[in-house]
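A quick write-up on the structure given underneath.
The values are calculated or read from the model by the stated rules, or taken from the named source; none is laboratory data. In this text the structure is predicted, and so the values were computed from the model without any measurement. Cβ sites come from the backbone with ideal geometry, for glycine too, and all protein chains shown count toward neighbours. Accessible surface areas use protein heavy atoms only, side chains included; no ligands, DNA or RNA. Shrake-Rupley method; radii C 1.70, N 1.55, O 1.52, S 1.80 Å.
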Amino acid sequence: MDAKQIMQIFEDTAYVRMGGSMEELRAAEYIKDCCAAMGLQARIESFDVDMATIREVRFLADGGEIPCKGYLNAGSGTVEAPFYYLRGTDKQSLANCRGKIVMIDGYLGYWIYQDILDNGAVGYVTYDGHVNYPDRDIDQRELRGFVAKGRKLPGVNINAKDAIELIRRGVTTAKIVLKQHEYVGQSRNVILDLPGEIPEHITLTAHYDSTSLSFGAYDNMSGSAGLLGIAEHFMKTPHRFSLRFVWCGSEERGLLGSKAYCANEKNLKGCVLNINLDMIGSVMGKFISCVSAEEKLVSYIEYFGSEMGFPITAKQDVYASDSTPFADKGVPSLSFARIAPHNTATIHNSYDTIDLLKGEQMVEDIEFITAFTARMANARHFPVAREIPDTVKEKLDGYLCRKRAPK
């Protein structure tokens, strides 16, 4: 694909496509059609996801109405209680959550949710956006199943400007009304196989869903377009190892597509490596690789970049994307990304659009990833050990909330 064709993909998919939605299905069908246009037969595989439809949501502070969005899959109920801003996570601050509606900074992560529940909170408020941005957007968030663990409290998300005003005014009481219909829906992975000389295979992944406010051009239709470009190359080029391409659904909801794929052990049988693409082709930024595999691969990637005249920095770590479920199942994994400075590209909001990307940079990034994949796919003996180092396993335990990092 050339730069013009790639940019057309971003134009064609310039719509919100949350995991489990009809728009996500529309995007899955689009990717399948792109494969068909190249003469390749992809398939769509569905998997169950928790879904919800908000029927009523209100948030009142000292009797005044505050614009909000209710947390999906957080149950239904009405709660009125003292309002408390959790400024710290020390024991005393957490103890003050008892009987209160608690506002926290940032995302509603696993440990902070368990902490406020264990300390008697009756509801919660989060906020997003930026005080210096002109919009008053509010992200549609959800209480993820692995976070709730069956314990649900009503919660809302508000804009940062309103959050600041609540504290400035010294609000003392709050009320949350949340009514919703919860059900099991469907999300989708799109899968394409390119057989090689042997059945052992490399799995290449990228997610194509977006968050509720975002067209997700940078994060991550860029990676999805990258997979199409790589597939186009290898459909014309013989390769020793087979290749499987997986466009993952519902990544933004907690890596649900890759988790569902990796839950089927048959999918991982004979898989020697996972190569994940998450955010490439940005106008600004540096190219990186995060490797959840042996340290030798880190060095090899940097040497290969030097050989290709392609600047890249690699490190051994766990990347917050679809490579992680593969690594957790013992498959050597790595993610490629072009990370732009925050003041030149942003994600998970309405500013993630085609304007962040450059067609020529997309081509350059795809060519490098294709060349790396070709080296791996044509190895006489696959060079990467099929084992995950203990240091990476420890980080996986932390990322997947099996162990809590020391405070």
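Work out how much length residue 80 to residue 65 would gain on full extension: take 0.36 nm times their residue separation and subtract the Cα-Cα distance, in nm to one decimal. Kindly include the intermediate steps, with their values, before the conclusion.
On the way: separation 15, 0.36 × 15 = 5.40 nm, distance 1.34 nm.
Computed gain between residue 80 and residue 65 is 4.1 nm.
Measuring from label point to label point, each 7 Å out along Cα→Cβ, what is the residue 118 to residue 4 span in nm?
Taking the two extended label points, one gets 6.0 nm.
Tell me, how many Å apart are the Cα centres for segment 266-287 and for segment 11-57?
Each part reduced to its Cα centre gives a spacing of 20 Å.
For residue 237 paired with residue 198, estimate the spin-label separation in nm (one decimal), with each label point 7 Å from Cα along the Cα-to-Cβ line.
2.0
Counting only heavy atoms of protein chains, what accessible area per residue, in Å², does segment 7-57 have with a probe of 1.4 Å? Can you show the working numbers first?
Values: 2660 Å² over 51 residues.
Normalised by residue count, the accessible surface of segment 7-57 is 52 Å².
Once you have a ≥ b ≥ c as the square roots of the Cα gyration tensor eigenvalues for segment 352-407, tell me rounded if a/c is under 1.5, and otherwise prolate or oblate according to whether a/b is larger than b/c.
Numbers: a/c = 5.11, a/b = 1.29, b/c = 3.96.
Oblate.
What FRET efficiency comes out for residue 310 versus residue 161 if R0 is 30 angstrom and r is the Cβ-Cβ distance? Round to the nearest 0.05.
Details: r = 42 Å, r/R0 = 1.40.
Computed FRET efficiency for residue 310 and residue 161: 0.10.
With a ≥ b ≥ c the root eigenvalues of the C-alpha gyration tensor of segment 292-394, is it rounded (a/c under 1.5), prolate (a/b larger than b/c) or oblate? Display every interim value, and only then the final one.
Values: a/c = 2.23, a/b = 1.37, b/c = 1.62.
Cα axes put segment 292-394 in the oblate bin.
I'd like the carbon and sulfur percentage of the solvent accessible area for segment 168-320, probe radius 1.4 Å, heavy atoms only, ligands and nucleic acids excluded. Walk me through the numbers before you get to the answer.
On the way: 2980 of 5530 Å².
Accessible surface attributable to carbon and sulfur in segment 168-320 totals 54 percent.
How high is the FRET efficiency from residue 403 to residue 295, r the C-beta distance, R0 30 Å, rounded to 0.05?
Numbers: r = 22 Å, r/R0 = 0.74.
It comes out at approximately 0.85.
Tell me the mean residue ellipticity at 222 nm calculated for the chain from its helices only (DSSP H runs of n ≥ 4, each -39500 (n - 2.57), averaged over every residue, nearest 500). List each step's numbers first, then the result.
Details: 13 runs with 128 residues, N = 407.
That calculation yields -9000 deg cm²/dmol at 222 nm.
Please compute the length gained on full extension between residue 390 and residue 41, using 0.36 nm multiplied by the number of residues separating them and subtracting their Cα-Cα distance. Mind dumping the intermediate values first?
Values: separation 349, 0.36 × 349 = 125.64 nm, distance 3.89 nm.
Using 0.36 nm per residue and subtracting the Cα-Cα distance, I get 121.8 nm.
Rounded to the nearest 5, what % of DSSP beta bridges with both residues in segment 180-336 are antiparallel?
On the way: 9 of 30 bridges.
Percentage antiparallel, nearest 5: 30.
Which length gain, in nm to one decimal place, applies between residue 29 and residue 360 when the Cα-Cα distance is subtracted from 0.36 nm times their residue separation?
Values: separation 331, 0.36 × 331 = 119.16 nm, distance 2.59 nm.
So the extension gain works out to 116.6 nm.
What fraction, in whole percent, of alpha-carbon pairs in the chain exceed 38 Å separation? Mind showing how you got there, number by number?
Numbers: 19132 of 82621 pairs.
The calculated P(r) of the chain puts 23 percent of pairs beyond 38 Å.
Distance cut-off 22 Å, Cα to Cα: go down the list 236/259; 32/315; 286/358; 69/179 and report the pairs above it.
Working: 236/259 31 Å; 32/315 33 Å; 286/358 14 Å; 69/179 11 Å.
Long pairs (Cα-Cα over 22 Å): 236/259; 32/315.
By the gyration tensor of its Cα atoms, with a ≥ b ≥ c the square roots of the eigenvalues, what is the shape of segment 235-371: rounded for a/c under 1.5, prolate for a/b over b/c, or oblate? Walk me through the numbers before you get to the answer.
Details: a/c = 1.59, a/b = 1.20, b/c = 1.33.
Oblate, since a/c reaches 1.5 and b/c is not below a/b.
Label-point separation (nm) for residue 264 and residue 90, each offset 7 Å from Cα along Cα-to-Cβ?
Taking the two extended label points, one gets 5.1 nm.
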